[in-house]
Amino acid sequence: RPVLLEFYADWCPSCIVWKRDVFSRADVQAALAPAVLLQVDATEMTPEVQDLLDRHGLPGLPALLAYDRQGRELPGLRLLGEMTAPDFLHWIRDKWLPST
């Protein structure tokens, strides 16, 4: 299955917006049903978390990385920062899942 990897932290205001206004919506959850959702909790910036951010070349949070069914990241589909729920639904349906 395709994978969506979210980098999140409790201290990140934009991460909280994603959680509250986007991921909590039933239509978003339904659109994501064919995928596996994974989260890296960066609330405590441990050396391991910093290493993950560095290895993925992420400048900060929030960040969502999309992977196809073979486990390959689709770097052109990285999401950094905030996005509205309707825009995220469009991204899921028209950009990410059709390409996996």
Accessible-area order (highest first, 1.4 angstrom probe) of the listed residues Tyr67, Tyr8: Tyr67, Tyr8
Solvent accessible area, Å² - Arg1, 1.4 Å probe, full protein context: 150 Å²
Share, in percent, of DSSP beta bridges within the chain that are antiparallel, nearest 5: 55 percent
Per-selection metrics, region 1-93 (Cα): Rg and Dmax in Å: 12.8, 36
Accessible surface, 1.4 Å probe, highest first, among residues Leu53, Leu37: Leu37, Leu53
Ellipticity estimate at 222 nm from DSSP helix runs (n ≥ 4, -39,500 (n - 2.57)) divided over the chain, nearest 500: -6500 deg cm²/dmol
Rounded accessible area of Asp41 (nearest 10 Å², 1.4 Å probe): 80 Å²
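The values are calculated or read from the model by the stated rules, or taken from the named source; none is laboratory data. Keep in mind it's a predicted model, so treat the numbers as computed, not measured. These area figures cover heavy atoms from the full protein model, side chains too; ligands, DNA and RNA do not enter into them. Shrake-Rupley method; radii C 1.70, N 1.55, O 1.52, S 1.80 Å.
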